[in-house]
1. Summing Lys, Arg as +1 and Asp, Glu as -1, what charge do residues with Cβ under 10 Å from the Cβ of SER75 carry, SER75 excluded?
2. If you take every DSSP beta bridge whose two residues both sit in the chain, what share of them, in percent to the nearest 5, is antiparallel?
3. With θ set to phi - 60° and the Karplus curve 6.51 cos²θ - 1.76 cosθ + 1.60, what are the ³J(HN,Hα) couplings of region 250-261 in order, to the nearest whole Hz, using x for Gly and Pro?
4. How big is the Kirkwood radius of the chain, worked out from every pair of different alpha carbons and given in Å to one decimal?
5. Could you give the dipole magnitude of the chain about its Cα centre, charging the beta-carbon of Lys and Arg +1 and that of Asp and Glu -1, in debye to the nearest 20?
6. Show that you can apply the helix-only estimate: for the chain, add -39,500 (n - 2.57) for every DSSP H stretch of four or more residues, divide by all residues, and state [θ] at 222 nm to the nearest 500.
7. Rolling a 1.4 Å sphere over the protein heavy atoms, what is the accessible area per residue of region 5-63, to the nearest Å²?
8. Enter the accessible area per residue of region 69-137 (Å², integer; probe 1.4 Å; all protein chains in place).
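The values are calculated or read from the model by the stated rules, or taken from the named source; none is laboratory data. What you see is a predicted model; the values in this text were computed from it and never measured. When we count neighbours, we look across all protein chains shown, and the Cβ atoms used for this are built from the backbone with ideal geometry, even at glycine. Ligands, DNA and RNA are stripped out before the accessible areas are found, and what is left, the full protein with its side chains, is counted by its heavy atoms. Shrake-Rupley method; radii C 1.70, N 1.55, O 1.52, S 1.80 Å.
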Amino acid sequence: MLEKIPFYNLNLNELKSVLNGLGKESFRAQQLFRWIYGLGVTDFNHMSNLAKDFRAELPAKFDLSLPEIITHQKSADGTQKLLFRLFDQKSVEAVLIPSEGRLTLCLSSEVGCNMACKFCFTAKQKLQRKLEAHEIVGQYLASARLLPSGEKITNIVFMGMGEPLDNPEQVFKAIEIFNSDWGLNLSKKKITVSTSGLVPLIPLVTKSGTRLAVSLNAVDDEMRSQIMPINKKWPLQQLLDACRQHAKDSGDKVTLEYVLLEGITDSIDSARKLYQITKNVPCKINIIPFNEHPNSGFKRPSEAQIVAFHNELMRLGAHVLRRKTMGRDISAACGQLTTAAMRA
Ligand code: SAH
């Protein structure tokens, strides 16, 4: 028997051509998408505007299975972390983060990661493989199913495991499915792609119409190259130029993420330098106090130092927000995601 096609991998044209290959009309593609993404119906038997014999053909053709949830942890602050098992037994995590009327889903784009950022737990795992679009969309669908009726995911951020721009084809395919009116119909402006700085691929984010976040994390090339090896390939100036270009072309501010590592990136002098190098980039700065993980070799600064760093940027007039640490009790915070086995 032929292998089934993962349904959540398909865009409109692809579904049309699969259906045409079965001798069906193209408009059947919209009907199928409407049932599945619009109405959440996944039992082909219930698709009442399709002929019975056509319905009967579909289960053998399409695979509608989702990544399996193997653990589901809830933090005291409302954050929920999901560990998914993929078809090849590998696993990835996603995090649901409630805040002020929003519910943000933080998605993974790869199993492990090759960017080798020194402070990140996922990096310890190295890249095992890139996710396919259906596994990215699948994280969303499986997470959405857990919500009580009436609750909805309002925002998506590609800030889980992996470097989304290291897997652009599948990530932007998933984004097309999230955003299209035949798909999940989510606003592009509610989707953020976060990158460690793959400069030549940043225009793909601009083209997709989603928001851009960049993990800046240091204020000079020497330090940035030490903690983020990708900087040796695409140094700060090129990265900041790409951010400026994105802001210009999209009309959106770029989110610059900045991890505070004690004694390394958290000095008041660094805060001033951060302001200097970003003041010509339309941006908001998101400071993220380091979340500790075993044997990282880094420390979270004291509360006083975090506040002083934040205040200095505010005093200078930067648009700066401190990212609230969420889900730390279940290791769901930034830079703490990995495959369960790694934690043992
Ligand atoms: N690879 C992408 C997506 C991961 S996003 C990127 O680098 O942007 C994860 C964010 O968490 C990044 O901004 C990263 O700098 C930050 N981060 C990684 N490890 C962290 C840790 N231990 N504590 C706090 N933030 C961390």
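1. +1
2. 45 percent
3. 9, x, 9, 6, 8, 8, 9, 8, 9, 7, 8, 10
4. Averaging 1/r across every pair of different Cα atoms and inverting gives 21.2 Å.
5. I would put it at about 380 debye.
6. Computed mean residue ellipticity for the chain: -9500 deg cm²/dmol.
7. In whole numbers, region 5-63 has 49 Å² accessible per residue.
8. Heavy-atom accessible area per residue stands at 40 Å².
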